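Engineer: Below: one structure in structure tokens.
The values are calculated or read from the model by the stated rules, or taken from the named source; none is laboratory data. Predicted model, so just to flag it, every value in this text is computed and none were measured. Here the Cβ positions follow ideal geometry from the backbone for every residue, glycine too, while neighbour counts run over all protein chains shown. Note: accessible area is taken over every heavy atom of the protein model, side chains too, but ligands, DNA and RNA are not part of it. Shrake-Rupley method; radii C 1.70, N 1.55, O 1.52, S 1.80 Å.
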Amino acid sequence: MAHVHVILNQKGGVGKSTLAVNLAAVTADVLGAGRPGAGERPPVVAVSIDPQGSAVWWSERVCSKSDLPFDFVQAHDDLAGLAALSRIPSVQHVFVDTPGWLDLADDDGADPLGRGPAADALRAVLSNATDVVVPIEPEPLGFQPTQRTIERVVKPRGLPFRVVVNNWDPRDGTADLEQTRAFVEGQGWPLARTAVRHYKLHTRASADGLVVTQYGANRVALQAREDFFRLALEVGLAAIPKPARKPRAQKTAKTGTTAKTAKTAKTAKTAKKVNA
């Protein structure tokens, strides 16, 4: 079954599309993009349920210039398909870009996702999510929406989640970054160690028809790519294979040799004692 990673925050403009697309790109880069000519589909799919279609336009721009290294699907109106994301054949990871604003009800007893097509799509996605990535920008205006998203949507569903500081500009210093980290840690939420830095490359990528793995080979591009590879590894998207076990026959032979050696040593010790 595929791992379904939902990028979610009530607040718009926190970089959900950028995270979804570029995490899909680096994961596909690690796992391989499949062989379309041989009938193989990529093991990674990016799904958008945002009716605005920002990620759709981005993916079309990429395809107009080169190959998109993962599958992309716009599925905000396909509830049955969204509820079955984890069962897509041959796919290992699915990244879901969600709408930029959620209609969270004020009434504590009401469904915090509200009503309507967007809410129905979110419920379908969350019903089979593996985990949730919650982006937050280093500014106080994003604290309350992030808190509502986690406490009223993510936690009640029992979903594993991780908060990611996104779009931090190192030129602004570390005060905002540290304040945001302190807020997240003060809430007791899991926080990614990787902070995704702000680069003009990221803001221009959709217009330029590029994903992060297609950036140029200069210093800034390498640093921009590094953030997403580090984040992907940190949240466990690129699994480290377990060491291969030794064949049972070798283990038995080794045990037998060890036992024989121990027996020989014991016999020699006994003989030495008798001779003494």
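Engineer: Quick check: net charge around Val14, other residues with Cβ under 15 Å of its Cβ, Lys/Arg +1 and Asp/Glu -1?
Structural biologist: Working: positive: Lys11, Lys16, Arg148, Arg162, Arg197; negative: Asp50, Asp97, Glu137, Glu139, Asp169, Asp176.
Cβ neighbours under 15 Å give a net charge of -1.
Engineer: Something else: Leaving out same-chain residues fewer than 8 places away, which aspartates and glutamates sit with a Cα under 14 Å from that of Lys16?
Structural biologist: Asp50, Asp97, Glu137
Engineer: If the viscosity is 1.306 mPa s and the temperature 10 °C, what translational diffusion coefficient in µm²/s does Stokes-Einstein give for the stretch 53-179 when Rh comes from Kirkwood over Cα pairs?
Structural biologist: Diffusion coefficient, whole number: 95 µm²/s.
Engineer: If you don't mind, another one. If you count only protein heavy atoms with a 1.4 Å probe, what accessible area per residue comes out for the stretch 150-230, rounded to a whole Å²? If you can, show how the numbers build up before the last one.
Structural biologist: On the way: 4110 Å² over 81 residues.
I get 51 Å² per residue for the stretch 150-230.
Engineer: Once you compute Rg and the Kirkwood Rh from C-alpha atoms, what is the Rg to Rh ratio for the stretch 113-181?
Structural biologist: Details: Rg = 14.2 Å, Rh = 13.5 Å.
Using Cα coordinates only, the ratio equals 1.05.
Engineer: Could you please tell me the mean projected area of the C-alpha convex hull for the stretch 159-240, averaged over all directions and given in square nanometres to one decimal?
Structural biologist: 6.9
Engineer: Can you tell me the dipole magnitude for the stretch 143-182 around its Cα centre, using point charges on the Cβ only (Lys, Arg +1; Asp, Glu -1), in Debye to the nearest 20?
Structural biologist: The dipole magnitude comes to about 360 debye.
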